[in-house]
Amino acid sequence: MYLTDRSAAPKEGAAPGRRRGPGRRVAPVVLVLGTVSLITDVSSEMVTAVLPLYLVTTLGFSPLGFGTLDGVYNGVSALVQLTGGHLADRIRNHKLLAGLGYGLSALCKPLLLLVSSIGALGTVLALDRTGKGLRTAPRDAMISLSTPTETQGRAFGVHRAMDTTGAMLGPLAAFLILQAAADGYDAVFGVSTCVAVLGVLVLVLFVPGRRQTVPTENGEVPDAKPPVHLREALALLRIPRLRALAGCAALLGLTTVSDAFLYLLLQRRAGIGEQWFTLLPLGTAVVFLLLAVPVGSLADRIGRRTVFLAGHVGLLCAYGLLLWAPDTPALPYLVLALHGIFYAATDGVLPAALAAVVPERLRATGLAVVGTSQALARFCCSLAFGAAWTLWGDGPALAGSAIGLLCCAAVAAVVLRPADGPR
């Protein structure tokens, strides 16, 4: 069954211009936002691809120090995401908040050229994640508000596929720059800045602004809705299904090892040379790109709960391979394939499920509530995993995460079970 029942979807007050039939066409705003995300992800993933090695090998950070920065990278985004979602609903201008978020992240890229201490780096990364937190919920709200409920999975799949194209091109660009430039890391950060600015320009020029109020069937123009107040946002927590989604997202996030740590583990486990490290995210991105749309459409048909939980099973299998699989040439490909399947089955499926639970005027706030719970949990996971690696080694740390993920997935399967039984 779905993570949320179709019957829970609001039928009244739908966004103007929505298609009500079972059509397969994706709204233009989804494609434009996908283009913005594609360009921005080229910039972001160029930095993300080199950051682990840059911090651990060039600046000499310990796993605990890197885990702290990685936690900040995710934790700040979580805290700001809630604020960004509520402000977007309150001022009724999702584009403005998204634009501020993209712009702030673009401003942070050149600052990486100027800092080297853990405190300064933490501040820059926190500002970058502040931008991500501001833009995520408003952007996803624009996608969901332009798409019929029954095709939300496909729409988010299309967006995530375009987003992942950028995630695929970013590490490749970083790899080529490192091979060609004398000061490779500085060159990566500089090119990343230029690409990020381009993404902001596309958003400003081509993404529609405020939604227009259209006449009713009787020719009357409805009054503008009043601004959203904080008490209405807090009232969202009274929705049982929203609480269940937020709780399960947090529970599973507590045992989801960050991408950077997973790539470091894979490099050590498979003996991959440092010169190839930046290409590891490319493997995840290729699988995600190929599967995002078909898996999103599959979730629309067979149920978002089933697909969401299956994605975490794939991640658990990846952990198992890193822990116990024999050292074969196929190991990196299998781990990266399972990692990509995990993202294809979860990254767009979760917001698609939320779209049928949260009222339209509170859509960005509702998306932010669940996104915040998930990101805060992953922040805690990065800190705990970095500490466990430092104290006991990478193997015991990953084994603990695998056992925790297995238990949390079992709990989520029960909590998210619909009233008429699982499918």
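Values for this structure:
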item: Along each principal axis, Cα extent of region 325-366, largest first, Å; result: 52, 13, 12
item: Relative packing of peptides 408-415, 311-318 - highest average C-beta neighbours within 10 Å first; result: 311-318, 408-415
item: With at most 10 neighbouring Cβ atoms within 10 Å, loop GluC sites (Glu not before Pro) (DSSP) excluded, longest segment of the chain; result: 13-216
item: Helical mean residue ellipticity (222 nm; -39500 (n - 2.57) per DSSP H run of 4+; nearest 500) of the chain; result: -24500 deg cm²/dmol
item: Neighbour-count order for 163, 89, 394, 300, fewest beta carbons within 10 angstrom listed first; result: 394, 300, 163, 89
item: Stokes-Einstein D (µm²/s) once Rh is taken as the Kirkwood radius of region 232-322 over alpha-carbon pairs, at 25 °C in 0.890 mPa s; result: 156
item: Packing-based exposure ordering (other Cβ within 10 Å, fewest first) of 379, 61, 288; result: 61, 379, 288
item: Reciprocal mean inverse distance between Cα atoms of the chain - Kirkwood radius, Å; result: 21.7
item: Directionally averaged shadow of region 312-423, computed from the convex hull of its alpha-carbon atoms, nm²; result: 8.6
item: Helical segments meeting 24 Å axial Cα length and Kyte-Doolittle -1.0 threshold in the chain (DSSP H); result: 28-53, 63-91, 118-145, 152-180, 184-206, 280-302, 304-324, 363-392, 394-415
item: Reduced Cα scattering model of region 52-202, Debye log10 I(q)/I(0), q = 0.10, 0.12, 0.17, 0.20 Å⁻¹; result: -0.41, -0.59, -1.10, -1.35
item: Rel. contact order, % - alpha carbon contacts under 8 angstrom, at least six apart, region 225-380; result: 41
item: Quotient of Cα Rg and 2.2 N^0.38 Å for region 113-199, N being how many residues it contains; result: 1.40
item: Relative contact order of the chain, pairs being alpha-carbon contacts under 8 Å that are 6 or more residues apart, as %; result: 32
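Taken together, the values in this text are just the output of simple stated rules run on the coordinates, not laboratory data. Values in this document were obtained by computation on a predicted structure and should not be read as measured data. Reconstructed Cβ throughout: ideal geometry from the backbone, glycine too, with neighbour counts over all protein chains shown.
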